[in-house]
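Read through the structure below, which is laid out as structure tokens, and then see the notes.
The values are calculated or read from the model by the stated rules, or taken from the named source; none is laboratory data. Just so it is clear, the model here is predicted, and its values are computed rather than measured. Every residue, glycine as well, gets a Cβ built from its backbone with ideal geometry; the counts of neighbours run over all protein chains shown. Remember, those area values only see protein heavy atoms, side chains included, never the ligands or the DNA or RNA. Shrake-Rupley method; radii C 1.70, N 1.55, O 1.52, S 1.80 Å.
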Amino acid sequence: MNSCPRARGGATATHPARFPALWSLLLTGLVLALAPGAQAAPAPVPSPTPPNSAAGAPFGVRAGLYGLTTLTGGHFGYALKAGARIEDSAVIHNASDEARTFHVYGADVAHAAGGGLAPAQEGQRMGAVGAWLKLDSEATVTVRPKGSATVRFSLAVPAGTPPGSYLGSLVTALRTPAVSGGVNTETRIARLVELTVPGTADLQVSLTELEHRSAGGGEEFTVTVRNTGNVLYTFAGTLNITGGGSARTVPLSPTGIYVIPGGSATLTGRMADLPALGRRTVTASVTATVPGGAAKTVDSNTVRLSYFPWLIAALIVGGFLALVLLLVVTRRRRRAWLQRRAEERTALRALRRRLRAGNPPADAPQEAQAGGAERP
């Protein structure tokens, strides 16, 4: 692309007197036409320094060939057959003004309690990449101030290793001595070692039962995704909610984290704005994606929820029952009162009849006399 302007420039110099205005116009048009392409052609040069993965750490670690391969973030990625072996290195940078002693070791990777991945602690039994990764030198490395040191290692895949994805890490630890009775602190930087043993990829995802409970005025759902295949993948999940005249989705968290073969991760989602009356149907859907590869979506069991204003209904029923009881009691009392009134009136009429007949009751002489005085 750059040779064209030079060739046309040479032609212009050969005939300086012919059509100067025309050649000037053509040359200007070519420069304007070629300028955008010339700006877009150069590819960005990878930076030789990896991004800082431990903010505030007094040191840094990068892959030995960082910027010269497709590795990203200073991590290591290999595709090795069972029984194969590879050698590589890591560069430790000491950013402090004094010499530092670092401890380097290989570790398996497991799921952290709060989500994501974490390297195994030194001294734990390593069963995969952590055991296959061997340092070519001592595990303890002293680096001069503002200097760097290279640590070489090898990774040997045991014969008979099944195809699939395996994840480990190269851990560099700096231990700070305790000061005036304090405690030791250790800063660690772990570079992932992503190993793929070629073979038939088996992307398998399974979900546990979708569970729910009331929480914070809403409904909280949990489901666990399990990697039962042989490839490493990330995932994203949603709660699919239907009912109430419309369908909606609620994201599950965490999302985008790795699940190693044989590993699992628990997802949580919350459904707020619960209806006072109605039904809802909830299903969890999880999509697992192999980085740069296939994807698979699986659904959980269906949870059916019914909502009813029990408190309001209980208050209404309670008020109605209280009203009915009050009416029953009032009616009984009125009926008893009316019955007593009727009996009193009957007795009074009988007494008056006796008094008129001149036969007052023996037990009430005064009443009889009074009754006789009332005669006309």
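Out of 371, 292, 319, 358, one residue alone is within 60 Å of the chain's Cα centre (by Cα), modelled with pLDDT under 80 and not in a strand (DSSP E or B). It is 292. Each residue in segment 100-118 was checked for being open to solvent by 20 Å² or more (accessible area, probe 1.4 Å) and modelled with pLDDT of 90 or more, and 5 of them qualify. Among the residues of segment 82-97, are any over 25 Å from residue 233 (Cα atoms), touching a Pro at 6+ places or on another chain (Cβ under 6 Å) and hydrophobic (A, V, I, L, M, F, W, C)? Yes: one or more hits.
Mind listing just one residue for me: the one in segment 119-140 that is open to solvent by less than 20 Å² (accessible area, probe 1.4 Å) and modelled with pLDDT of 90 or more and, of those, farthest from the chain's Cα centre (by Cα)?
Among those that are open to solvent by less than 20 Å² (accessible area, probe 1.4 Å) and modelled with pLDDT of 90 or more, it is 133.
Can you confirm whether residue 150 is assigned to a strand (DSSP E or B), among the hydroxyl-bearing types (Ser, Thr, Tyr) and either within 30 Å of residue 270 (Cα to Cα) or open to solvent by 80 Å² or more (accessible area, probe 1.4 Å) (or both)?
On the way: assigned to a strand (DSSP E or B): yes; among the hydroxyl-bearing types (Ser, Thr, Tyr): yes; either within 30 Å of residue 270 (Cα to Cα) or open to solvent by 80 Å² or more (accessible area, probe 1.4 Å) (or both): yes.
Against the criterion (assigned to a strand (DSSP E or B), among the hydroxyl-bearing types (Ser, Thr, Tyr) and either within 30 Å of residue 270 (Cα to Cα) or open to solvent by 80 Å² or more (accessible area, probe 1.4 Å) (or both)), residue 150 qualifies.
Please find, among 267, 274, 305, the residue that is at pLDDT below 85 and hydrophobic (A, V, I, L, M, F, W, C). Give the derivation first.
Numbers: 267 fails: at pLDDT below 85; 305 fails: at pLDDT below 85.
The match here is 274.
Per this entry, residue 200 is not counted among residues that are within 28 Å of residue 63 (Cβ to Cβ) and β-branched (Val, Ile, Thr). Here 294, 272, 276 are screened, and the one residue that is out of contact with any strand residue (DSSP E or B) (no Cβ under 8 Å at 6 or more places or on another chain) and surrounded by fewer than 14 Cβ atoms within 10 Å (Cβ to Cβ) is 294. Tell me whether segment 58-66 contains one or more residues that are touching a strand residue (DSSP E or B) at 6+ places or on another chain (Cβ under 8 Å), part of a loop (DSSP other than H, G, I, E, B) and either at pLDDT 80 or above or among the hydrophobic types (A, V, I, L, M, F, W, C) (or both). Looking through segment 58-66, at least one residue is touching a strand residue (DSSP E or B) at 6+ places or on another chain (Cβ under 8 Å), part of a loop (DSSP other than H, G, I, E, B) and either at pLDDT 80 or above or among the hydrophobic types (A, V, I, L, M, F, W, C) (or both). Taking (1) modelled with pLDDT of 80 or more; (2) farther than 30 Å from residue 284 by Cβ; (3) not aliphatic (A, V, I, L, M); (4) not in a helix (DSSP H, G or I) in turn, residue 353 satisfies each apart from (4).
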